[in-house]
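Student: Before anything else, here's the structure in question.
Every number in this text was worked out from the coordinates using simple rules, so none of it is lab data. Predicted model, so just to flag it, every value in this text is computed and none were measured. We place every Cβ from the backbone using ideal geometry, glycine too, and count neighbours over all the protein chains shown.
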Amino acid sequence: MTTDVGSRYARSAEFFERACGVLVGGVNSPVRAFKAVGGNPIFVERAKGATVYDVDGNEYVDLVGTWGPAIVGHAHPDVVSAVQKAATKGLSFGACCAAEAELAEIIVGVLPTAELVRFVNSGTEATMSAVRLARGATGRSKILKFVGCYHGHVDALLVAAGSGAATFGVPDSGGVPKEFAELTLLAPYNDLAAVESLMTKQGKDVAAILVEPIAGNMGFVPPSFGFLDGLRSLCDKHGSLLVFDEVMTGFRTAWGGYQNVCSVKPDLTCLGKVIGGGMPVAAYAGPKALMEQVSPLGPVYQAGTLSGNPLGMAAGVATLRICEEEGFYDDLAQKSKRLTEGILGAATGADVPLQSGFCGGMFGFALSNTPVRNFDDAQTCDHDGYARFFTAMLERGVWLPPSGYEAMFVSAAHDDAAIDKVIAAAGESFRSLAS
Ligand SMILES: *Cc1c(COP(=O)(O)O)cnc(C)c1O
């Protein structure tokens, strides 16, 4: 017998049916379709603080945080009023506004190698532009990325499969010509020896190595000791640029980004998510000598009608002004620690093997007996188990990412009661898995 959960999500189901008539798969970003976990997607009516409310009147403790941006909690009054104030003066000018420099100054002030910033509208645009800049600046064509790292839906970066074959990439998506994919070299995450061997052979053609300094798109996979340092040395040795894709980790794992934790200095940094506070804002940044290659100062072309728009800038500045307060990231890390320890305890109590980790306001767990160090490991986790856990948690009022290949996010608005609710729900949900 299945319990009647249909009525619990009835309005969401109606909205989804309607959406499917006119939107591809009913969604505007694939993971939202719940394909990996089954069931229909939940439609959100509103979100406030740590809570998401759906159209059926259910409420959830949110551990997705709009995939990272909601670091100060949803609809924070300071952020909302900053956006409202900006909106009354016009939504977009397609011309310069003062808030652009204000947000850029915050970024330049905290990222060690960032001297100039260019704002764009999505993480995808940031990594795409960073790759173009790296190619323009070095005069080289190839890039090296890691299997399981996601850098947005850029042609050259949608290459991730090709199990074992760490030589020439195989396109992961339809529509990516193999000639493009061939310019992308692949190595397993945390495998410095594989990178070294690729660079020894092809380093002179490699414009950049792109890496998520903590991999957050195959679960939560931290860099192993010496990995990022090793990438820095190999880039220096071969004259390639090191690009940190901190679209997820930037201002999420620490003030600035994970580069301020690991003390490895990238040439270019990509940011997104948190720096827009929920608005479509992203950026790439680096030293003057490099960034001056970008138009209008240099030959690498890149532009955007809505880039640096006043609403996005206002939301970003207001969000980061809260994040920069003393103790903000320590407090977030405390919450992540309580959550991961609580969830681990709940799993252990139900005899479910679990791996977990956190950094600042980012954490993750994987249903696995052994630590997850790369994409191969991530694939061997119990993803069916995760799907059932996801559904059980949803029924108990906890909103998890609808895929076992995702990191999770906590916000300043997650109080003890919210965290206790998650841990209690995890206990029941893990027991329901085991039975
Ligand atoms: C989310 C993400 C992107 C893509 O950003 P979008 O704004 O979705 O285009 C790129 N890189 C990383 C590491 C991300 O987590």
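Student: Explain nothing, just the number: dipole magnitude of the stretch 168-299 about its Cα centre with +1 on each Lys and Arg Cβ and -1 on each Asp and Glu Cβ, in debye rounded to the nearest 20. Before the final figure, lay out each step's value.
Tutor: Working: 9 positive and 13 negative charges, 46 e Å.
Here the stretch 168-299 has a charge dipole of around 220 debye.
Student: Then there's this: Where Lys and Arg each count +1 and Asp and Glu each count -1, what net charge lies around Gly345 among other residues with Cβ under 14 Å from its Cβ? Before the final figure, lay out the partial values.
Tutor: Details: positive: Lys337, Arg338, Arg431; negative: Glu341, Asp351, Asp420, Glu428.
Spelling it out: positives minus negatives among the neighbours equals -1.
Student: For Val147, which sequence-distant residues (separation of 5 or more, or a different chain) have an amide H within less than 5 Å of its own amide H, given hydrogens modelled in the peptide plane?
Tutor: Those qualifying (amide H under 5 Å, at least 5 residues apart or on another chain) are Ala187, Tyr189.
Student: Now a separate question. Apply the Karplus parameterisation 6.51 cos²θ - 1.76 cosθ + 1.60, with θ equal to phi minus 60°, to every residue of the stretch 333-343 and state each ³J(HN,Hα) to the nearest whole Hz, in sequence, with x for glycine and proline.
Tutor: Listing the rounded values in order: 5, 4, 5, 4, 5, 4, 5, 5, 5, x, 5 Hz.
Student: For the charge dipole of the chain, defined by +1 on Lys and Arg C-beta atoms and -1 on Asp and Glu C-beta atoms about the Cα centroid, which residue among Gly94, Val27, Thr319 has the Cα displaced farthest towards the positive pole?
Tutor: With unit charges placed on the Cβ atoms, the residue in question is Gly94.
Student: Another one. For the cross-link pairs Lys201/Lys288; Lys145/Lys265; Lys145/Lys178, which exceed 22 Å when the distance is taken from alpha carbon to alpha carbon? Don't jump to the answer; show the numbers that get you there.
Tutor: Values: Lys201/Lys288 30 Å; Lys145/Lys265 17 Å; Lys145/Lys178 16 Å.
Long pairs (Cα-Cα over 22 Å): Lys201/Lys288.
Student: Taking trypsin sites (Lys or Arg not before Pro) that fall in a DSSP loop and have at most 15 other Cβ atoms within 10 Å as cut points, what is the longest piece of the chain between them? Display every interim value, and only then the final one.
Tutor: Details: sites that count: Lys35, Lys89.
Excluding the exposed sites themselves, the longest stretch runs over 90-435.
Student: Can you give the three extents of the C-alpha atoms in the stretch 63-109 along their principal axes, from longest to shortest, in whole Å?
Tutor: So the extents along the principal axes, rounded to whole Å, are 36, 29, 18.
Student: Here is a further query. Just for the stretch 77-323, what percent of DSSP beta bridges are antiparallel, to the closest 5? Before the final figure, lay out each step's value.
Tutor: Working: 10 of 27 bridges.
Of all bridge pairs located within the stretch 77-323, approximately 35 percent are antiparallel.
Student: Can I ask one more? Summing -39500 (n - 2.57) over the DSSP H runs of n ≥ 4 in the chain and dividing by its residue number, what mean residue ellipticity at 222 nm do you reach, to the nearest 500 deg cm²/dmol?
Tutor: Values: 14 runs with 161 residues, N = 435.
Helices in the chain give a 222 nm mean residue ellipticity of -11500 deg cm²/dmol.
Student: Let me ask something else. In the stretch 77-323, how does Rg compare with the Kirkwood Rh, expressed as the Rg/Rh ratio over alpha carbon atoms?
Tutor: Over the Cα atoms of the stretch 77-323, Rg/Rh equals 0.97.
Student: Of Ala156, Ala19, Ala413, which is the most mobile in a GNM of the chain whose springs link Cα atoms less than 10 angstrom apart?
Tutor: Maximum fluctuation in the GNM of the chain, among the listed residues, is at Ala19.
Student: Considering the chain as a Gaussian network with a 10 Å cut-off on Cα pairs, which listed residue, Val117, Val79, Val294, attains the greatest mean-square fluctuation?
Tutor: Maximum among the listed residues: Val294.
Student: Note down the magnitude of the dipole of the chain about its Cα centre, charges +1 on Lys and Arg C-beta and -1 on Asp and Glu C-beta and zero elsewhere, to the nearest 20 debye.
Tutor: Details: 33 positive and 45 negative charges, 156 e Å.
Result for the chain is approximately 760 debye, rounded to the nearest 20.
Student: When the gyration tensor of the chain is built from Cα positions, what are the square roots of 5 times its three eigenvalues, in whole Å, from largest to smallest? Show your work: numbers first, answer last.
Tutor: Numbers: eigenvalues 226, 144, 86 Å².
Semi-axes (√(5λ), whole Å): 34, 27, 21.
Student: Any idea what the alpha-carbon Rg over 2.2 N^0.38 Å comes to for the stretch 313-363? Could you put the intermediate results ahead of the total?
Tutor: Working: Rg = 15.0 Å, N = 51, 2.2 N^0.38 = 9.8 Å.
Expressed relative to 2.2 N^0.38 Å, the Cα Rg reads 1.53.
Student: I would also like to ask the following. What is the dipole size for the stretch 77-323, taken about its Cα centre, with +1 at each Lys and Arg Cβ and -1 at each Asp and Glu Cβ, in debye to the nearest 20?
Tutor: Magnitude of the dipole: close to 160 debye.
Student: Also, I was wondering about something else. Provide the percentage of antiparallel DSSP beta bridges, counting only those with both residues in the chain; round to the nearest 5.
Tutor: Details: 25 of 44 bridges.
Once the DSSP bridges in the chain are tallied, antiparallel ones form about 55 percent.
Student: To continue, here is another question. In whole angstrom, how long is each semi-axis of the equivalent ellipsoid of the stretch 172-259, when you take the square root of 5 times every eigenvalue of its Cα gyration tensor and sort them from largest down?
Tutor: Numbers: eigenvalues 98, 64, 29 Å².
They are 22, 18, 12 Å, listed from largest to smallest.
Student: Over all directions, what mean area does the Cα convex hull of the stretch 276-407 project, stated in square nanometres? All intermediate terms of the calculation are to be shown ahead of the outcome.
Tutor: Details: hull surface 47.8 nm².
Averaged projected hull area, Cα only: 12.0 nm².
Student: Under 13 Å from the Cβ of Ala137, count the other residues' Cβ atoms, weight Lys and Arg +1, Asp and Glu -1, and hand me the total. Show your work: numbers first, answer last.
Tutor: Values: positive: Arg132, Arg135, Arg140, Lys288; negative: Asp267, Glu292.
Net local charge, Ala137 excluded: +2.
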